[in-house]
There are 2 protein chains.
Amino acid sequence: MGSVAFDAIETPFGKTDKIIGGAGTYIALSSSFYTKDQKIVAVVGDDFPQSMLDILASKGVDLEGLQIKKGEKTFFWSGRYHNDMNSRDTLVTELNVLEHFDPIIPENYQGVDYVMLGNLSPQVQRAVIERLEKRPKLIAMDTMNFWMDIALDELKKTLSMVDVLIINDEEARQLSKEYSLVKASKVIRAMGPKYLIIKKGEHGALLFHGDKVFFAPALPLEDVFDPTGAGDTFAGGFMGYIAASDDTSFENMKRAIIAGLALASFSVEKFGTERLLEISRNDVDTRIEEFVALANFEMVQTVG
Amino acid sequence: MGSVAFDAIETPFGKTDKIIGGAGTYIALSSSFYTKDQKIVAVVGDDFPQSMLDILASKGVDLEGLQIKKGEKTFFWSGRYHNDMNSRDTLVTELNVLEHFDPIIPENYQGVDYVMLGNLSPQVQRAVIERLEKRPKLIAMDTMNFWMDIALDELKKTLSMVDVLIINDEEARQLSKEYSLVKASKVIRAMGPKYLIIKKGEHGALLFHGDKVFFAPALPLEDVFDPTGAGDTFAGGFMGYIAASDDTSFENMKRAIIAGLALASFSVEKFGTERLLEISRNDVDTRIEEFVALANFEMVQTVG
């Protein structure tokens, strides 16, 4: 579940007209590298191009839960990245169809095992969970500072119902009111999610569970061309990997994080979803080998 | 080679009177966990306590190259850390004996295999290299933004003579004029050092060599009590490990980086050198196991 949208993006490298974006789009495309059995819950207007719906269908995405609102317009976001690519200004936000989004879970979606809730209002995220008749094996969600600012109580209700929260370091600090990410992880996990993934951009990601921590590196890149959707691509790759392997162990979550980071490292190489539409599963596997080389070390017997 | 000094430190957790610090002190103490055969090159005034010299001697540090200037005062630095512990203000810098420091290499220091040049003026660092009759197997150096600001040409001369440069991410960006650390690493290595270690504080460290990169995690900590000397402790642990193993391969440098990070993770737990004086080699080995658990992942055959 996540937004399917139009974006217009400015970076130091150039700018785009309206291109296709949205958390739901990135999650679906990214997870399709691991599973061809996906079901999307989203809403667009009738201005959304059939060609992109065809692409999603070709990736194995069931579109029955994608509502197309006649006479309405698709969600539109426009933003400009600063020179360091780590921060951005929102130029335009037109909610359009998202303003009254009431997620529909088609009958054939019931019984799904793995659910990824892209960043949307915590009420909408919760509605999806409540409309599933069988508790999935794993529910992961993304959120952002905006919901912490204006809907913290709603957010906490939704957090209490999920297994995995995926947020960035600033969001973790805001949500927990703790600067130390170790302390933040304890505060946040006390709100519900047993697993917490903290994304740290160019510095990688942390996974917390019980008293275990995993630190995943990010691939050092020459250029980040467009960070839009990198977090959603990560989340999609993570949940796609978990679903395909049908394994929610901590060890397997580590692998799923590496898969997500590998996909995100492609996503930032071109504007929007362009790079995700070019690459093959073989490219992803090759990049995962780069992550192994990057992070791998082998301590030896006592030295000195 | 490095400063042996007095520090006075303020952090959000408290403040100290004059305590013992200095890059040379931290490097010697940290490397002593791996090698008991060290030789220090430094200068102090006659106000420096014999008790600390005795401690250094007990750790196997040859003090013949430590000049004690009669009637002069030891280098003094005082600083205050901000709430996030990532930045600090210098309150006082009294160069004292460092102002005219002319490093002496005693006869029995000749023939050393491994040299760590702590942060000092690039002229002094170069003097040490030039006064060694035999080229060591590996020379590593630290530096800081101050020398890039006021002595860039001198710094570049010294850089052209060393094998390993150890700096932080901001310094790497300033020295290379590149924001991307991948690009920065190429620019900097073209200045001389074949190996570049970029320290990223709480985000770990990167090692660049040829077309290889290694990303070492930092241990996520609940609290950083006092970051003073963490970088020098890292450098000392790194070079101590290399020296003890007598192995300058890329694979062994990875291990040396983990050893340095483990020692640095202790150093920040208390003010000054206090924690380094309490812990045992066994504590270091146990912490290294935490790093292995933190960074370790094992990809499996194709999923999905």
- Message: So if I take the centroid of the Cα atoms in the range B:67-91 and the same for the range A:9-83, what is the distance between those two points in Å?
- Response: 55
- How big is the gap, in Å, between the Cα center of the range B:131-209 and the Cα center of the range B:227-293? 20
- Query: Which percent, to the nearest 5, of DSSP beta bridges fully inside chain A are antiparallel?
  - Reply: 50
- Considering only protein heavy atoms, what per residue accessible area in square angstrom results for the range B:1-132 with a 1.4 angstrom probe? 43
- What number, in percent, do you get for the relative contact order of chain B if the mean sequence gap of Cα pairs under 8 Å and at least 6 apart is divided by its residue count? 17
- About its Cα centre, the protein assembly as shown carries a charge dipole, from +1 on Lys and Arg Cβ atoms and -1 on Asp and Glu Cβ atoms, whose size in debye to the nearest 20 is 280
- Message: Please report, for residue B:160, the nm distances (one decimal) from its label point, 7 Å out from Cα along the beta-carbon direction, to the equivalent points in the remaining copies, shortest first.
- Response: 6.8
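Under unit Cβ charges (Lys, Arg +1; Asp, Glu -1), what dipole magnitude, rounded to 20 debye, does chain B have relative to its Cα centre?
820
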- Message: Among A:62, A:285, A:142, which one shows the highest mean-square fluctuation when chain A is modelled as a Gaussian network with alpha-carbon springs under 10 Å?
- Response: A:285
- Can you list, shortest first in nanometers, how far residue B:123 lies from the same residue in the other copies, with each label 7 Å from Cα toward Cβ? 7.0
- In the range B:136-251, what percentage of the DSSP-assigned beta bridges are antiparallel, given to the nearest 5? 55
- Query: Counting only Cβ atoms, what residue of chain B lies nearest to the axis that sends chain B onto chain A, and how many whole Å off?
  - Reply: B:203, 2
- Mind checking B:220-226 for the average number of partner chain beta-carbons within 10 Å of each residue's beta-carbon? 4
- Message: For the range A:146-286, report the % of Cα-Cα distances exceeding 24 Å.
- Response: 32
- Task: Please give the average number of partner chain Cβ atoms lying within 10 Å of the Cβ of each residue in B:177-183, rounded to a whole number.
- Result: 4
- Query: Counting Lys and Arg as +1 and Asp and Glu as -1, each charge on the Cβ, what is the dipole of the range B:236-294 about the Cα centre in debye, to the nearest 20?
  - Reply: 120
- Given charges at Cβ of Lys, Arg, Asp, Glu: the protein assembly as shown dipole, positive-most of B:221, B:242, A:147: B:242
- Item | Highest-first arrangement of A:69-79, A:34-44, where packing means the average Cβ count within 10 Å | A:34-44, A:69-79
- Loop-only check: which trypsin sites (Lys or Arg not before Pro) in the range B:87-179 are DSSP coil with at most 16 other Cβ within 10 angstrom? B:131, B:134, B:137, B:177
- Area of residue A:105 that stays accessible when all protein chains are in place (1.4 Å probe, Å², to 10): 30
- Query: From the label point of residue B:37, set 7 Å from Cα along Cα→Cβ, how far away are the matching label points in the other copies, in nm, ordered shortest to longest?
  - Reply: 6.3
- Could you bin all the Cα-Cα distances of the range B:1-132 into 5 Å bins starting at 0 and give me the percent of pairs in each, rounded to whole numbers? 2, 10, 20, 22, 20, 14, 8, 3, 1, 0
- Query: GNM on chain B, C-alpha springs below 10 Å: top fluctuator among B:145, B:108, B:119?
  - Reply: B:108
- Message: Using Cα-Cα distances under 8 Å and only pairs 6 or more residues apart, what relative contact order does the range B:1-107 have, in percent?
- Response: 29
- For a quick protection proxy, order the peptides A:11-18, B:258-265 by their average other-Cβ count within 10 Å, most packed first. B:258-265, A:11-18
- When the C-alpha atoms of chain B are aligned to their principal axes, what extent does each axis show, in angstrom, from largest down? 74, 42, 36
- For the range B:124-235, with +1 on Lys and Arg beta carbons and -1 on Asp and Glu, the positive-most of B:165, B:132, B:185 along the dipole: B:132
- Message: Among the listed pairs A:212/B:15; A:177/B:199; A:186/B:59; A:254/B:254; A:254/B:177; B:18/B:39, which have their C-alpha atoms separated by more than 30 angstrom in this model?
- Response: A:212/B:15; A:186/B:59; A:254/B:177
- In whole percent, how big is the carbon plus sulfur part of the accessible area of chain B, probe 1.4 Å, protein atoms only? 48
- Query: Between A and B, buried accessible area summed over both sides at probe 1.4 Å, in Å² to the nearest 100?
  - Reply: 4000
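Express the relative contact order of the range B:165-304 as a whole percentage, based on alpha carbon pairs under 8 Å and six or more residues apart in sequence.
18
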- Query: What does the helix-only formula give at 222 nm for the protein assembly as shown: each DSSP H stretch with n ≥ 4 adding -39500 (n - 2.57), the total divided by the residues, and the result rounded to the nearest 500 deg cm²/dmol?
  - Reply: -11000 deg cm²/dmol
- Task: Report Rg/Rh for the range A:82-205, rounded to two decimals, where Rg is the Cα radius of gyration and Rh the Kirkwood radius.
- Result: 0.99
- Note on the structure: Averaged over residues of A:209-216, the number of beta carbons from other chains lying within 10 Å of each residue's Cβ is 4
- Which of A:71, B:291, A:117 sits farthest toward the positive end of the charge dipole of the protein assembly as shown, with +1 on the Cβ of Lys and Arg and -1 on the Cβ of Asp and Glu? B:291
- Quick one: among A:184, A:172, A:293, which has the greatest mean-square fluctuation in a GNM of chain A with alpha-carbon springs under 10 angstrom? A:293
- Cα Rg over Rh - the protein assembly as shown, Kirkwood: 1.03
- Query: Which value, in Å² and to the nearest 10, is the accessible area of residue B:1 when all protein chains are kept and the probe is 1.4 Å?
  - Reply: 20
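The values are calculated or read from the model by the stated rules, or taken from the named source; none is laboratory data. These figures come from a predicted structure and were not determined experimentally. Glycine also receives a Cβ, built like all others from the backbone with ideal geometry; neighbour counts cover every protein chain displayed. Note: areas computed on protein heavy atoms with side chains; ligands, DNA, RNA excluded. Shrake-Rupley method; radii C 1.70, N 1.55, O 1.52, S 1.80 Å.
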